[in-house]
Amino acid sequence: MTVHFVGAGPGAADLITLRAAAMLARADVVLYPGTYLDAEVLGHCRGDAQLVDTQHLDLDRITAVLVDAHEAGHDVVRLTSGDPSLYSAVAEQTRRLDAAGVPWDVTPGVPAYAAAAAAVGRELTVPLVTQSVVLTRAQARSTAMPESESLAAFAATRATLCLHLAITRTREVMGELAGEYGADCPVVVVSRATQPEELVLRGTVADIADRVEAAGLRQAAVILVGRALDPSGGGESFLYSADRTRRPTMPG
C-alpha cells in the first residue's frame, strides 16, 4: 500500500481538498498532528479507522507506525498541518520510507499563511508596494537556520514576510525588522486561522509584541509583516488596466 502525505489545511474541516477528504474516507490508519489540527477534520475519517496523534512521537516512532501499517496492507494517510511543502518534515519521513521500500505520494493543502491573509482580506503582493513574498521562520527551540537565511537578509528586500514558528520570539523578530520595515509598518498575527478559536491581532512593528504577549500566544500562529497589509497603499495592476492593448478575442 502507499503512504499518502496529505495537507490538512489551516484547520477548518471544510478547507481540505476533495482529494484529501476522499483519502481520509478510505484510510485504515490516519496519523495527524494533534497540536495544530482542529479535531473536526478527523470527521472525514471512517468510524473504524485507527487514529494516531503524532504530537508526542519522534520521527522514528512515526516511521514505525507508517511501515507497520503498510506491511499490514492498510491504506495510510499521514496528515500535515497546512500544506506539506512547508515545515511538514516530509523530507525526513520520506527518506525513511524510501529506505524501508515503502511507496508514498503527496497531496497539497491550503497553507496557513494563505489562510492568515484571507482572515484579514489582504493580498500579499500589491502593485507598486511589493511583488514578492518571503516564507520563513525564526529559530527558538528548533533546527538551526542556514547562515545565509538571516532575517536581516530577508528584511533588506522589504518583501511581505510570512513568519512561521516565530510567535514566541515576536519581540526579538520585530527588533530585527524595524530598521528596514520601519516602526510603523503594519503587522498581522493570526492564531489558529479558520479554526473556531481563531484570533487576529493587528498592529505595527513597534507594538505587535505587546499585543501578542497580552494575548498569551505560544503556538499555531502566523506573523505577516509588510506594507502590502495597509489597505490604503499601492497602485493598480497593468494586467487589468484600461490602457493596456489587448488582442482581439478569436471567434469560435
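The values are calculated or read from the model by the stated rules, or taken from the named source; none is laboratory data. From a predicted model like this one, the values you see are computed outputs, not experimental measurements. As a convention, Cβ positions derive from the backbone with ideal geometry for all residues, glycine included, and neighbour counts pool all protein chains shown. To get the accessible areas, we keep the full protein, side chains included, count just its heavy atoms, and leave off ligands, DNA and RNA. Shrake-Rupley method; radii C 1.70, N 1.55, O 1.52, S 1.80 Å.
Any chance you could count how many residues in region 29-40 are at pLDDT below 95 and of a type in the set (Val, Ile, Thr)?
Here the count works out to 1.
Given the residues Thr125, Thr160, which is the only one that is within 26 Å of Leu15 (Cβ to Cβ), of a type in the set (S, T, N, Q) and in contact with a Lys or Arg (Cβ under 9 Å, 6 or more places away or on another chain)?
Thr160
Which of the residues belonging to region 104-120 are touching a helix residue (DSSP H, G or I) at 6+ places or on another chain (Cβ under 8 Å) and either more than 27 Å from Gln219 (Cβ to Cβ) or part of a loop (DSSP other than H, G, I, E, B) (or both)?
Trp104, Gly109, Val110, Val120
Cβ-Cβ distance below 6 Å, separation of 6 or more or different chains: which pairs start in region 167-195 with a residue that is within 18 Å of Leu124 (Cα to Cα) and open to solvent by 60 Å² or more (accessible area, probe 1.4 Å) and end on one that is part of a strand (DSSP E or B) and of a type in the set (Val, Ile, Thr)?
Taking only residues 6 or more apart or on different chains, the pairs are Asp184/Thr204.
Residue-by-condition table, conditions (1) in contact with an Asp or Glu (Cβ under 9 Å, 6 or more places away or on another chain); (2) charged (D, E, K, R); (3) in contact (Cβ under 8 Å) with a residue 60 or more places away in the chain:
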site: Thr80; (1), (2), (3): no, no, yes
site: Leu86; (1), (2), (3): no, no, yes
site: Glu92; (1), (2), (3): no, yes, no
site: Val129; (1), (2), (3): yes, no, yes
site: Met145; (1), (2), (3): no, no, no
